[in-house]
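The values are calculated or read from the model by the stated rules, or taken from the named source; none is laboratory data. Bear in mind that the values here come from a model prediction, so they are computed numbers and not experimental data. Glycine also receives a Cβ, built like all others from the backbone with ideal geometry; neighbour counts cover every protein chain displayed. When the accessible area is computed, the model is the full protein with side chains, heavy atoms only, and any ligands, DNA or RNA have been set aside. Shrake-Rupley method; radii C 1.70, N 1.55, O 1.52, S 1.80 Å.
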Amino acid sequence: MLFTTGLPASKRIFDLIGTVLGLFLLSPFMLLTALSVRIFLGTPVLFRQRRPGYRGQLFDIYKFRTMTDATDIAGNLLPDSERLTGLGRFLRALSLDELPQLLNVLRGEMSLVGPRPLFLEYLSYYSTEQSRRHEVYPGLTGWAQINGRNATDWPTRLAMDVWYVDHWSFWLDIKIILITIWKVLKREGISQPGQATVEYFKGNPDGESSNDFSRLT
């Protein structure tokens, strides 16, 4: 395991330099995105949700809003496919909705590269091996994102997250970032037309799970 004592100093320095540079270069796009969301979706501009991070510690992840708050007559939110707007699909296709997470990186809650921070309810579904993905800080992009992203099944994606934990290096992070930029520009690996969100993880086919997450907290 490469991350048993936390985030390596070299990785944190790389994150800070990359984040400051990213905020400087991308601030015009972030401002334009924020204005577009405000005009077409209203407030709040940012979507905030609790996610488990390093060793299962909870933090608030930030994204630009891509959905409305439309509800049915009973007051229940409509399905994602009915709430996701055209603007939202565009932002997701170019990963512009993820840019506010640079603030999470700046605050030390995330890294530029690492397993994506997933839903809190997934914790009880992971196998003991899959839960090792939380031995590193979650990232804006990761090994699974450049190797199929949403096109791969959940066991494969989670296995790639664990592979990253065991094979991390400074040069691997640079490689992942460069490939991510290339794939975003080519719009590879995005959701299929008509697919609003990624299919939820509902556990492993063999039913193996680790309900005890205390070892990571």
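Around LEU58, which amide H atoms from residues at least 5 apart in sequence, or from another chain, sit under 5 Å from its own amide H, with H modelled in the peptide plane?
Those qualifying (amide H under 5 Å, at least 5 residues apart or on another chain) are GLY53.
³J(HN,Hα) across segment 162-170 via Karplus (A = 6.51, B = -1.76, C = 1.60, θ = phi - 60°), whole Hz, x for Gly/Pro?
The phi angles translate into 5, 4, 4, 4, 7, 10, 4, 7, 4 Hz.
What net charge is computed for the residues neighbouring LEU77, neighbours being all others with C-beta under 11 Å from the C-beta of LEU77, Lys and Arg scored +1, Asp and Glu -1?
Working: positive: ARG83; negative: ASP69, ASP72, ASP80, GLU82.
Residues near LEU77 contribute -3 overall.
Could you tell me which of rounded, prolate or oblate describes segment 1-108, using a ≥ b ≥ c as the square roots of the eigenvalues of the alpha-carbon gyration tensor, with rounded for a/c under 1.5 and, failing that, prolate when a/b is larger than b/c and oblate otherwise?
Numbers: a/c = 3.04, a/b = 1.59, b/c = 1.91.
Oblate is the answer for segment 1-108, as a/c is 1.5 or above yet b/c matches or exceeds a/b.
Spin-label point model (7 Å from Cα, Cβ direction): what's the LEU185 to SER81 distance in nm?
Each label point is offset 7 Å from its Cα along the Cβ direction, giving 3.4 nm.
Computed FRET efficiency, Cβ-Cβ of THR152 and PHE29, R0 35 Å: what is it to the nearest 0.05?
On the way: r = 28 Å, r/R0 = 0.80.
Efficiency, rounded to the nearest 0.05: 0.80.
Once you keep just the Cα pairs under 8 angstrom separated by 6 or more residues, what percentage relative contact order results for segment 134-181?
On the way: 20 pairs, mean separation 25.6, N = 48.
Taking the mean separation of contacting Cα pairs over the length of segment 134-181, I get 53 percent.
Taking every eigenvalue of the Cα gyration tensor of the chain, multiplying by 5 and rooting it, what semi-axes result, largest first, whole Å?
Values: eigenvalues 144, 101, 53 Å².
Listed largest to smallest, the semi-axes of the chain are 27, 23, 16 Å.
What is the set of long-range amide H partners of TRP143 at a cut-off below 5 Å, with H atoms built 1.01 Å from backbone N?
GLY114
Can you tell me the length gained on complete extension of the stretch ALA159 to GLN49, counting 0.36 nm per residue apart and subtracting the Cα distance?
Numbers: separation 110, 0.36 × 110 = 39.60 nm, distance 2.46 nm.
That pair, ALA159 and GLN49, stretches by 37.1 nm at full extension.
Express in Å², to the nearest 10, the accessible area of THR71 obtained by rolling a 1.4 Å probe over the protein heavy atoms while all chains stay in place.
70
List, in order, the whole-Hz ³J(HN,Hα) value for each residue of segment 136-142 obtained from phi through the Karplus relation with A = 6.51, B = -1.76, C = 1.60 and θ = phi - 60°; use x for Gly and Pro.
Running phi through 6.51 cos²θ - 1.76 cosθ + 1.60 with θ = phi - 60° gives 10, 6, x, x, 5, 9, x Hz.
Considering only protein heavy atoms, what is the solvent-accessible area of LEU25 at a probe of 1.4 Å, reported in Å² to the nearest 10?
About 100 Å², ignoring ligands and nucleic acids.
For the charge dipole of the chain, defined by +1 on Lys and Arg C-beta atoms and -1 on Asp and Glu C-beta atoms about the Cα centroid, which residue among LEU31, TRP168, LEU58 has the Cα displaced farthest towards the positive pole?
LEU31
Could you give the size of the charge dipole of the chain about its Cα centre, using +1 on the Cβ of each K and R and -1 on the Cβ of each D and E, expressed in debye and rounded to the nearest 20? List each step's numbers first, then the result.
Numbers: 24 positive and 21 negative charges, 129 e Å.
Taking the Cα centre of the chain as origin, the dipole is about 620 debye.
Only Lys, Arg, Asp and Glu count, each charged at its Cβ (+1, +1, -1, -1), so figure out the dipole size of segment 47-104 about its Cα centre, rounded to 20 debye.
On the way: 9 positive and 7 negative charges, 56 e Å.
Once rounded to the nearest 20, the dipole reads 260 debye.
Would you rank TYR164, TYR200 by solvent-accessible area, highest first, keeping every protein chain in place and using a 1.4 Å probe?
Working: TYR164 0, TYR200 100 Å².
Result of the area sort, largest leading: TYR200, TYR164.
Find the relative contact order for segment 12-63 and round it to a whole percent, using C-alpha pairs within less than 8 Å whose residues are 6+ positions apart.
Working: 27 pairs, mean separation 10.5, N = 52.
Averaging sequence separation for qualifying contacts and normalising by length gives 20 percent for segment 12-63.
So how far apart, in nm, are the two label points at PHE119 and ARG38 if each is 7 Å from Cα heading toward Cβ?
3.2
Among PHE90, SER124, LEU102, whose Cα sits farthest toward the positive end of the charge dipole of segment 1-137 (+1 at Cβ of Lys/Arg, -1 at Cβ of Asp/Glu, about the Cα centre)?
The residue sitting farthest along the positive end of the dipole is LEU102.
Run the numbers on segment 84-201 and let me know its relative contact order in percent, using alpha-carbon pairs under 8 Å that are six or more apart. Kindly include the intermediate steps, with their values, before the conclusion.
Details: 119 pairs, mean separation 35.3, N = 118.
Across segment 84-201, relative contact order equals 30 percent.
Put PHE64, PHE119 in order of accessible area, largest first, 1.4 Å probe: what do you get?
Greatest to least solvent exposure: PHE119, PHE64.
Can you give me the long-range amide H partners of THR85? Hydrogens built in the peptide plane at 1.01 Å from N, cutoff under 5 Å, separation of 5 or more residues or another chain.
THR68
Probe radius 1.4 Å, ligands and nucleic acids left out: which of GLU129, GLU98 has the largest accessible area, and how do the rest follow? Working shown, then result.
Details: GLU129 95, GLU98 30 Å².
Ranked from most to least accessible, the order is GLU129, GLU98.
I'd like the distance between the alpha-carbon centres of segment 14-53 and segment 85-149, rounded to an integer number of Å.
Cα centroid of segment 14-53 versus Cα centroid of segment 85-149: 15 Å apart.
Only Lys, Arg, Asp and Glu count, each charged at its Cβ (+1, +1, -1, -1), so figure out the dipole size of segment 1-74 about its Cα centre, rounded to 20 debye. Provide the component values of the computation, followed by the final result.
Values: 9 positive and 4 negative charges, 46 e Å.
So the dipole magnitude of segment 1-74 works out to roughly 220 debye.
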